[in-house]
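The values are calculated or read from the model by the stated rules, or taken from the named source; none is laboratory data. Just so it is clear, the model here is predicted, and its values are computed rather than measured. Neighbour counts run over all protein chains shown; Cβ positions are idealised from the backbone, glycine included. In case anyone asks, the SASA skips ligands and DNA or RNA and just uses the protein heavy atoms, side chains included. Shrake-Rupley method; radii C 1.70, N 1.55, O 1.52, S 1.80 Å.
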Amino acid sequence: MFSVKRFKFFFSATVAFLLAIYPVTSFGQEAYFTLRGKVLSTESKEPISGVVIRLEKTQYGAITKNDGTYLMTGIPSGSYIISATIIGYEKAEFLIEVKDENVTRNFELKESDVTTAEIQVVADEERQKKEDVRTSVYKLKPREIKAIAGGVEDLLRTLQSVPGVLAQNDFSSQLIVRGSGPDQNLMLIDDIEVFNPYRLYGTISMFNPETISDVNLITGGFPARYGDRLSAVLDVTNRDGTRDVGFTSLINANVTDANIVSEGKAPFGLNGSWIVSARRTYYDLIVGPILKSTGLVDRETAFPNFTDFQSKIAFQINDEHRLQFTTLLSRDAVNVITAARTNERPDSSAVTNQTDNNTLGASWHYRPNENVFNRFVVSWYSNTGETSFGGVFVDRFNYRGDFYRSLEDCTFVNPNSLANQSLESNSSFNFIKTSFRDEISIRSNRHFIESGVGLDVLTTKLSFFISANERLRAIFRAIQSNGRVGALPFDTTLIQARTYFRSNAYIQDRWEVIPERLYIQPGIRLDYYEINNRFYLSPRFNFSYSISEATTLRGAWGLYFQSPGYEKLIDQNQFFDLSQTNDFIRSLRAEQAVHYVLGIDHWLDDKWQFKSEIYYKDLSQLLVQTKTPSQVYSATFLGGNAYDERNWRIDSTAGFQLSPTPVNDGVGAAYGIEFMLAKRKKSGDDKFSGWITYSLAFANRNRDAITIPFNFDQRHTINVVSDYRFNESWNIGARWRFGSGFPITNPLGIQPRLLVDSLGAVSIDVDQLEAGRRVLFNIQFGGEENLNQGRLPTYQRLDVRITYSTEFWGASWQFYLDIINLYNQTNVIGYRNRAPEQIDVPIGARPEPIRTETGMLPIVPTFGISAVF
């Protein structure tokens, strides 16, 4: 239980610790100032990115960002000529005086028909600076998120095309990063951690591409600032609203959803801006009435849908103080009830779900001078949901669809009796987190020191109930027998509720050891997890060595921990029981990983980049379900008619079953090498951009000396992304993906379905639908030694997006056609099995099931419209 006294003690101790280790820095008496501004097009008033801003005859310069802004720091007093240049626009120059205060200098550039080869615009924004010691960093621009083919304008799906990142399948936007699960990724938006960044149950993400300004994905070796995750960090910043006009709006609509963004400068003469966005799917409003009219679903049905609202308000109080407020509100909902059961449709099911994701955050930025920056963030986050599911199902493993139809005219058999598997489940979750975080950075001579403290108070509550009839449980036991799925607590309502806190402190120092060449960043992080009452110390080390102006070598080593909280475990797709005693929970340890990363970043010229990294990730103390000794039952074929129960013998051997009780018995490793060749656009004249990546990766898990390929162990992955602009109106983009098959557990055969009654007696399940008794079968998967030893077929998909841009009615318009899986490749997500109609095998052998492929997305064309007013 949360202890206020213990919190006060630890929080005071960490603050004192940081104050004690902060270096005493003396700053020179000479005054330094900031020069900032924005560059717009004279004609369109739109911001221009990539503009080179220089103070002539000095070393000071900057490149404008996506919103047209630039910033130069550490400018001494004096008079300067400031210039702005970019190909396609006339050069602009001004005389400025930097004396007693910071200076703002905006530009408006006129378009020019004259270009000159003498101007070489090197977009440093595209390059990772040599002093940036982070490894495995990938940045995406908002226009790349919107334009990439097949990405459905979704950030997470777009990131699935960078090295080291995999997609589970065509239907999920969750990120699989370098052999780790999605629960091991830290997701941040405007410095606020979110547990569930997905909408429509994982198909798309919460990140609105129309409001994003900055995206940083770190796939390994992340520094001490980030914690409580083992794999990767996605740090997303939403942009400020425009400060040029009082109101402007954008509408983006396609066949599935609509997205509206409005923004403007702060009213009442305040120095600030606002931006709000709202999204909603509406195919439920289209598909629902069609299916209801056919009688396939109940008229009370509501198909999957989501609504999403985001806002950001920012105020620049003065040059030293800035306030910003972030709001995220969303709801996913579904209510599907199939029509009443009939002879033709003996199946029946009902599912209802509602999930809410809400965030409120406020941050204060304080910059007293150019060498000190402090950020304080307070936030509240709530992720809640309720789900219920119930249904009765026909046994499609043992009977084909035409068998049901053959029974429709029989008077002695009711086809509804085929619906002999029933399931009921109800669950709810409630994760609430209140966070306080303060960070400070200090720049002095060759050091850049960052440190911070943080506190998170979490309330987690999970209620779970599941019930199934004995036939369905027998099927589940067969699937569970080799560890493919974890145990479930049937017929027991589990309520797990805890309030606890976690706190942390970190410090890291980026030290310029050799000027303009060698940078190192030692760091250390201290975490306390009250849930298991343990402290964890995580040393980290990053370095960057500039071999030349075009080539940089980077490396990282670090120790990482992840606390055993339900806010993360829910993403593992297996059930863990944390409703046990405090002593047991405190016996659990945090999951652990050690990262080793080494990479090289080389620019062949100012447009072509080559990047390669090699990595090794050692995983230990992973939470898995406990193995408990148990009798394992199987059946041996004695010859004759396999559908006759008398021709089978039931055997019993000592084995184990999985229990929902967690234990730190899992270990694993992930390692590989990645290559990337990218072509960047540097000016308005560049028509082509894109990248090619190849990853060779290995990922496994190990338990009790048995090595098992990780569920998403994809050995070979290739991504080809391209974008070509024919002219000002037409643009075409393409993305091709190839991946070797994910691991799969292949069946070893089929065996009779074994039922266990309340007294523990075991019998063979038979039906009474024909004259005589007929054995019903399950798939036999074997033991752990067979787990994930097979492979799905290779995956490949080509997506194409064609965009037409124009202007009319006072707005800028885009019309686009996005075609997913252009050549209609059948990519296999799994297999559907059924028992054979006739079984003729030798004595002691196992009959084989008949297997058919289940595919992912076929060719899917979508059409959309975007308008900016």
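Less than 9 Å Cβ to Cβ from Leu598, Lys/Arg counted +1 and Asp/Glu -1: what total charge do the surrounding residues give?
Numbers: positive: Arg554; negative: Glu613.
Within the 9 Å Cβ shell, the charges total 0.
For the residue pair Glu131 and Ser79, what label-to-label distance in nm results when each label sits 7 Å from Cα along the Cα-to-beta-carbon direction?
Each label point is offset 7 Å from its Cα along the Cβ direction, giving 3.0 nm.
Counting Lys and Arg as +1 and Asp and Glu as -1, what is the net charge of the other residues whose Cβ lies under 12 Å from the Cβ of Val720?
In short, +2.
What's the extension gain from Glu837 to Phe738 if we count 0.36 nm per residue and subtract their Cα-Cα distance?
Length gained, Glu837 through Phe738: 32.0 nm.
Using only the Cα atoms of region 647-782, build the gyration tensor, take square roots of its eigenvalues as a ≥ b ≥ c, and label the shape rounded, prolate or oblate: rounded if a/c is under 1.5, else prolate if a/b is larger than b/c, else oblate.
Prolate, because a/c is 1.5 or more and a/b exceeds b/c.
Leaving out same-chain residues fewer than 8 places away, which aspartates and glutamates sit with a Cα under 15 Å from that of Lys682?
Glu118, Asp124, Glu125, Glu126, Glu144, Asp605, Asp606, Asp723
What are the radius of gyration and Dmax of the chain, computed over its Cα atoms and given in Å?
When restricted to Cα atoms, the chain yields Rg and Dmax of 30.1, 102 Å.
Of the accessible area of the chain, with the probe set at 1.4 angstrom, what percent is carbon plus sulfur?
About 57 percent, which is the carbon plus sulfur part of the accessible surface.
Rounded to the nearest 0.05, what FRET efficiency is calculated for Gln631 and Leu677 with R0 set to 56 Å and r the Cβ-Cβ distance?
0.50
Pull out the extension gain between Gln580 and Thr826, defined as 0.36 nm times the separation in residues minus the alpha carbon to alpha carbon distance; nm, one decimal.
Length gained, Gln580 through Thr826: 84.0 nm.
Taking Cα pairs under 8 Å and at least six residues apart, what relative contact order does the chain come out at, in percent?
10
Taking +1 at the Cβ of each Lys and Arg and -1 at the Cβ of each Asp and Glu, which of Leu323, Leu792, Ala670 sits farthest along the dipole of the chain towards its positive end, judged by Cα position relative to the Cα centre?
Ala670
So for the pair Ile260, Leu553, with labels modelled 7 Å out along Cα→Cβ, what separation do we get in nm?
Taking the simple label geometry, Ile260 and Leu553 are separated by 5.7 nm.
For region 165-175, in order, what is each residue's ³J(HN,Hα) by Karplus, 6.51 cos²θ - 1.76 cosθ + 1.60 with θ = phi - 60°, in whole Hz (x at glycine and Pro)?
Going residue by residue, I get 10, 10, 9, 4, 5, 5, 9, 10, 9, 5, 9 Hz, with x marking Gly and Pro.
Excluding residues fewer than 8 places away in the same chain, name every one of the lysines whose C-alpha is closer than 16 Å to that of Lys433.
The qualifying lysines are Lys461, Lys568.
Checking the a/c ratio against 1.5 first, then a/b against b/c, what shape does the Cα gyration tensor give for region 218-287?
Note, shape of region 218-287 comes out oblate.
Starting from the Cα of Asn106, step 7 Å toward the Cβ, then list every residue of region 227-249 with an amide N under 16 Å from that point.
Backbone N within reach: 240-248.
Kindly report the accessible area of the chain per residue (heavy atoms of protein chains, probe 1.4 Å, no ligands, DNA or RNA), in Å².
44
For the pair Glu386 and Met856, how long in nm is the line joining their label points, each one 7 Å along Cα→Cβ?
Here the answer is 3.5 nm between the modelled labels.
Residues in region 843-863, backbone N under 19 Å from the label point at Thr653 (7 Å along the Cα-to-beta-carbon vector): list them, ranges by number please.
So the set is 843-848.
If you take the beta carbon distance between Phe610 and Arg396 as r and set R0 to 56 Å, what does 1/(1 + (r/R0)^6) give as a FRET efficiency, to the nearest 0.05?
For R0 = 56 Å, the calculated efficiency reads 0.60.
How much FRET efficiency would the formula 1/(1 + (r/R0)^6) give for Ile718 and Asp618, where r is the Cβ-Cβ distance and R0 is 22 Å, rounded to 0.05?
Calculated value: 0.25.
Excluding Leu188 itself, calculate the net charge of residues whose Cβ lies under 14 Å from the Cβ of Leu188, where each Lys or Arg counts +1 and each Asp or Glu counts -1.
Around Leu188, the surrounding residues sum to -3.
Full-extension gain between Trp809 and Thr499, please, as 0.36 nm times their residue separation minus the C-alpha to C-alpha distance. Mind dumping the intermediate values first?
On the way: separation 310, 0.36 × 310 = 111.60 nm, distance 5.55 nm.
Value of the extension gain: 106.1 nm.
Please work out the ratio of the alpha-carbon Rg of region 477-593 to 2.2 N^0.38 Å and round it to two decimals. Write down the numbers at each step before the final one.
Values: Rg = 21.2 Å, N = 117, 2.2 N^0.38 = 13.4 Å.
For region 477-593, the normalised Cα radius of gyration is 1.58.
How large is the Kirkwood hydrodynamic radius of region 816-869, in angstrom, based on all distinct alpha carbon pairs?
15.2
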